[in-house]
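Heads up, the thing below is written out as C-alpha cells.
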C-alpha cells in the first residue's frame, strides 16, 4: 500500500479551539497511528489559517497588530496538539514565508495559464465563512440575510480577480464519476455533485477591501482570496512549488479530513485549482458531521461550547478519544451528552476492558509470582484465532472510516473474553487444576495484548500503560500490529502490578 498523507483543515484563528477542532484532529491522528501500526509510511499535517477579513477584524477589535494576534491564537492550536497527544509531523501557518512563496507561485501559474482574469464583483458575502453566497442559498430572517449555516451576509462590491471555475464544471463531474471514492461519505458526494450540476460560476479570488493576506504578485492593490491562500497549505508543507521535493513526491496526493461545512471548498475549488495548474488533485476528501451538546446546537450565544481542556480534565484524554469515535458513525452528526459518555466509560472501558485486565493480571501477580508460562497451544486459543482472523475486516473498517464498527468489533471480542473468564473461573482452577489455570491465564493475557494493539490508535496512552504491565515485552514495539508474532519467541510473561486503568463516572 502506498504512503499516506492525512491533513486536518488549517484552523481559522479568530477564536479558541473547541470540540469540533478536536474531533477532526483526533480523526486524523487515529488514521496516522493506524497506518503506521500497519507499517505504512504516513504523514500528518495540521496548522492554522491566519489571513482574511475576519482575522483582521478580530485583531482590530482587540487593538493589536494582526500578526501579533495570530501568533497568540495559533499557539492555542499548537497547544491543542499537545493536549490531544497528536502525532502530527508538521504544523503549518499561512503567515510563514514557505507558504507565501507556495501560494504566490500557484497564483502565477494560474495566471500564466489564463485561468485567472481581472473583473468586478458584487454579491452577498459571509465574513465568518469567507465565502460568497448564491441567491438561491440565502435565508432571510428578521430583515437580515444569512447563508445555510446561519452566518450573516453583507453586500460586497469591488474589483476582483476571478478564477475560471465555470470552465471546470464538466471536468469536475467527469473526475467525480471516474473517482467514486473521492468524496466520502456518499451523502456528501451526492451533495457536491448536485451543486456542481446546478452550474458553477467563476470564483472571485482576490480582495481589495482589506489588507491582511498574501499579496497578489502582479497587483499590489489586491490580496489573494483566503480560500485559494489557505487550501494551498496542503502542498506548501510538502515543498511546493518544488514538485520534485522529497515530501511532495513521497506523499502527494493527500487525504483531507474536514467538517461538512467546508466540503465544497475542498471538493470543488481545490481540485479545480490544482487541475488548472496541471497538478494532481487530492486523493480523497472525507467529511464528518457536527456535534450537539445535550441535544442543542453548539453556539457561543447559548454558552454551550465544549472546551476540550475541560472534557479531558473530567474524563481523561483516551476516554474522550474512545467515546467520540465509538458513539456515532463517522460522517454523521452526533450528540455529546454526559449520560452517553458515562455509559461508554463505565460499561465498555471500565467494566469490560479495564476490569478484565485488572483482575486477571492482579491474579497472576499475586498468585504466580508475577509469571505466566506460554506454550504453542496458547496461540491456538479459539478467541485469539478469531481476533487474528478478523484483521482484514478490522482494517477494512478503518480504510472506509467506519471507526465505530471497528471499535464495536473489538469489544465483541472483549465480551467473549469476559464470558470465557466467567466460564473457566481461573481462581477456582487454582485448587482443582493448576496447570489448566495457567493455560487459561496465558490465553487471556495474549488476547489482552492483541486487542490492546488494535485499540492503540484510539487510546495510545492507555495502550502504553497496558503494554508496560508485561515487563518482559520492552524490546517489542507492540504499537506495530505485526510485532505480535515476536511474542511467540517468549516462554513466559512477567507481570507488573496493575493499577486501575479507568475511573468509573458516578
Pairs of Cα atoms under 8 Å, at least six residues apart: use those to get the relative contact order of region 42-105, whole percent. 52 percent
Cα gyration tensor of region 336-377, axes a ≥ b ≥ c as square roots of the eigenvalues: rounded (a/c below 1.5), prolate (a/b > b/c) or oblate? prolate
Please give the helix 66-83 orientation as an angle from the longest Cα principal axis of the chain, in degrees from 0 to 90, rounded to the nearest 10. 20 degrees
Write down Rg/Rh for region 4-289, rounded to two decimals, with Rg from the C-alpha atoms and Rh from the Kirkwood relation over Cα pairs. 0.94
The chain: relative contact order as a whole-number percent, Cα under 8 Å and 6+ apart: 15 percent
Could you give log10 I(q)/I(0) at q = 0.11, 0.20, 0.21 Å⁻¹ for region 338-494, computed by the Debye formula over C-alpha point scatterers of equal weight, without solvent? -0.43, -1.44, -1.58
Taking each pair of different alpha-carbon atoms in region 334-408 once, compute 1/r for the pair, average those values, and report the inverse of that mean as the Kirkwood hydrodynamic radius in Å to one decimal. 15.5 Å
In Å, what is the Rg of the alpha-carbon atoms in the chain, and how long is Dmax? 26.0, 89
So, R0 is 22 Å and r is the distance between the beta-carbons of residue 423 and residue 369; what FRET efficiency does that work out to, to 0.05? 0.30
Which order, highest average first, do 411-422, 83-94, 5-16, 131-142 follow once you tally other Cβ atoms within 10 Å for each residue and take the mean per peptide? 5-16, 83-94, 411-422, 131-142
Mind ordering 27-35, 323-331 by average Cβ neighbours within 10 Å, highest first? 27-35, 323-331
Relative contact order of region 338-494, please, whole-number percent, based on alpha carbon pairs below 8 angstrom and at least 6 residues apart. 30 percent
Residue 157 to residue 388: FRET efficiency via 1/(1 + (r/R0)^6), r the Cβ-Cβ distance, R0 60 Å, to the nearest 0.05? 0.40
Just check region 1-155 against the gyration tensor rule for me: Cα atoms, a ≥ b ≥ c as the square roots of the eigenvalues, rounded for a/c under 1.5, and otherwise prolate or oblate depending on whether a/b exceeds b/c. prolate
Place the peptides 53-65, 278-290 in order of packing, highest mean first, counting for every residue the other Cβ atoms within 10 Å and averaging per peptide. 278-290, 53-65
Spin-label point model (7 Å from Cα, Cβ direction): what's the residue 376 to residue 488 distance in nm? 1.0 nm
Using Cα atoms only, what is the angle between the long axis of helix 186-197 and the major principal axis of the chain, expressed in degrees (0 to 90) to the nearest 10? 10 degrees
Using the alpha-carbon atoms, what tilt in degrees (0 to 90, nearest 10) does helix 434-455 show relative to the longest principal axis of the chain? 0 degrees
In nm, give the distance between the simple-model label positions of residue 16 and residue 506, each being 7 Å from the Cα along the Cα-to-Cβ direction. 2.8 nm
What nm value, rounded to one decimal, do you get for the distance between residue 337 and residue 85 when each label is placed 7 Å out toward the C-beta? 2.8 nm
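Rule-based calculations on the coordinates, nothing more; no lab input. These numbers come from a predicted model, not from an experiment. With ideal geometry, Cβ positions are generated from the backbone for all residues, glycine too; neighbour counts draw on all protein chains shown.
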